[in-house]
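Here is the structure we will look at, set down as structure tokens.
The values are calculated or read from the model by the stated rules, or taken from the named source; none is laboratory data. Note that the coordinates shown come from a computational prediction; the quantities given were computed from them, not determined experimentally. Cβ coordinates were reconstructed from backbone atoms using ideal geometry, including for glycine residues, and neighbour counts include every protein chain displayed. Protein only, heavy atoms only, side chains kept; ligands, DNA and RNA dropped before computing areas. Shrake-Rupley method; radii C 1.70, N 1.55, O 1.52, S 1.80 Å.
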Amino acid sequence: MHLRRVFLYGTLRDHALLAAVLGRPADPGDLAEAALPDHAAHRVVPGAYPVIRPEPGAVAPGLLLSGLTAEEVGRLSYYEGAFGYGTEPIEVVSGGTSVRALVFWPDGRHLHTDGHWDLARWQDEDRGLAAEAAREVMSEMGHRPAETVGARYAQIEARAQSRLAARAEAPPAEIRAGLGAEAVTLESRRRPYAGFFNVEEYELDLPAFGGGRLRPNTRSVFVAADAVTVLPYDPRRDTVLLLEQFRPGPYGRGDPCPWTLEPVAGRRDPGESVAETARRETREEAGIEIGALHHIGSYYPSPGCITEFLVSYVAEAALPDSAEGVHGLATEGENIRTRIVAFDRLMQAVRTGEAGTGPLLLSAYWLSLNRDRLRRAGGA
């Protein structure tokens, strides 16, 4: 008989994550305290997730999960398989008795660790992110191999953070009708493409403003993570720093010049504040440090088809001519040229259409309204 008991020593001890993977909350009667003698969970870096390793004299605490169906064991295996973990039978101690159970071991890869892993510390840092990401991981079961899904877990995690932020930071509905997402019935969802971005297709049943329902209603959406844009501005020299880089959007449209002018922009990584993203991306893409951040707005640039949500800033910075150069992370395929441009030249580019990207236009207009104030404050 195949084992249907699993010893959980790591992140799956978190009940929200376990429920997301199983597809149901675990029955408390099926969970028991357990331990694996002469072993310890170690913190993998980077990643902060655990790996269990032999350690004489140590005891790895965990939970013994019983009452599983074969399908549920398969769901656990799929999730762990995305991270390169497979199952092995092992003897654990629960209630003073030796019990045989499955445990998830890593494959033959060498993993770097940094001390013992602690569940409470991980939960404090995670704040529900892993459970949210697991829902997307598990939605791929039966459609894509676990290792394929695991290879893009960083993107899955970033999209999960965006969904958590959307729920936590919803703006007021004072002019709008105030209809909530609960008024929408999702009949079906398809994901014909999944990679750095996702494409999803929905069959929806929507309420109509004039009464009744709009059904069926088919919508497609390009699913991207939240991002931050930064226009560096030197109030003393009255100059801005612009990025020039190739963009596949204009290329796909047939634009004869698919190299665009933009502010600094980048995806918000899991665990980062928007201000931290702004400073990190400016360092990576422009090679400079920025000072005070001035919030322009938080918005959907194209809500009809893209989930992306942007937070835009103008940032004060010293911008000598020597700040021009070529930057970007080679690991992300970035090849970015920075330009130092006078404010008047920026506004000329707005008028001629050369500044033809939404965040740059928004940032330029905000700066035109607030430039005198920033220059007075900066001693210009």
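The residue pairs whose first member lies in segment 353-370 and is over 17 Å from residue 264 (Cβ atoms), whose second member is modelled with pLDDT of 95 or more and assigned to a loop (DSSP other than H, G, I, E, B), and whose beta carbons are closer than 6 Å, counting only pairs six or more residues apart or on different chains, do not exist in this structure. Within segment 237-250, does at least one residue satisfy the condition of being touching a Lys or Arg at 6+ places or on another chain (Cβ under 8 Å) and farther than 28 Å from residue 335 by Cβ? For segment 237-250, residues touching a Lys or Arg at 6+ places or on another chain (Cβ under 8 Å) and farther than 28 Å from residue 335 by Cβ: present.
Looking across segment 248-280 at every residue that is more than 25 Å from residue 130 (Cα to Cα) and in contact with a Gly (Cβ under 9 Å, 6 or more places away or on another chain), the one that is surrounded by the fewest Cβ atoms within 10 Å (Cβ to Cβ) is identified as 255. Within segment 279-292, the set of residues being touching a residue at least 24 places away in the same chain (Cβ under 8 Å) and farther than 21 Å from residue 156 by Cα comprises 282, 284, 285, 286, 287, 288, 289, 290, 291, 292. None of 216, 235 is touching a strand residue (DSSP E or B) at 6+ places or on another chain (Cβ under 7 Å) and in contact (Cβ under 8 Å) with a residue 40 or more places away in the chain except 235. Put simply, of 57, 62 the only residue that is farther than 18 Å from residue 134 by Cβ, part of a strand (DSSP E or B) and in contact (Cβ under 8 Å) with a residue 24 or more places away in the chain is 62.
Every condition in (1) hydrophobic (A, V, I, L, M, F, W, C); (2) farther than 30 Å from residue 126 by Cβ; (3) touching a Phe, Trp or Tyr at 6+ places or on another chain (Cβ under 7 Å) holds for residue 243 except the one numbered (3). Can you name every residue in segment 12-23 that is within 23 Å of residue 47 (Cα to Cα), touching a residue at least 12 places away in the same chain (Cβ under 8 Å) and open to solvent by 20 Å² or more (accessible area, probe 1.4 Å)? Of everything in segment 12-23, those that are within 23 Å of residue 47 (Cα to Cα), touching a residue at least 12 places away in the same chain (Cβ under 8 Å) and open to solvent by 20 Å² or more (accessible area, probe 1.4 Å) turn out to be 13, 14, 16, 19. For residues that are in a loop (DSSP other than H, G, I, E, B) and in contact with a helix residue (DSSP H, G or I) (Cβ under 6 Å, 6 or more places away or on another chain), scanning just segment 283-296, find the one that is surrounded by the most Cβ atoms within 10 Å (Cβ to Cβ). Among residues in segment 283-296 that are in a loop (DSSP other than H, G, I, E, B) and in contact with a helix residue (DSSP H, G or I) (Cβ under 6 Å, 6 or more places away or on another chain), the one surrounded by the most Cβ atoms within 10 Å (Cβ to Cβ) is 290.
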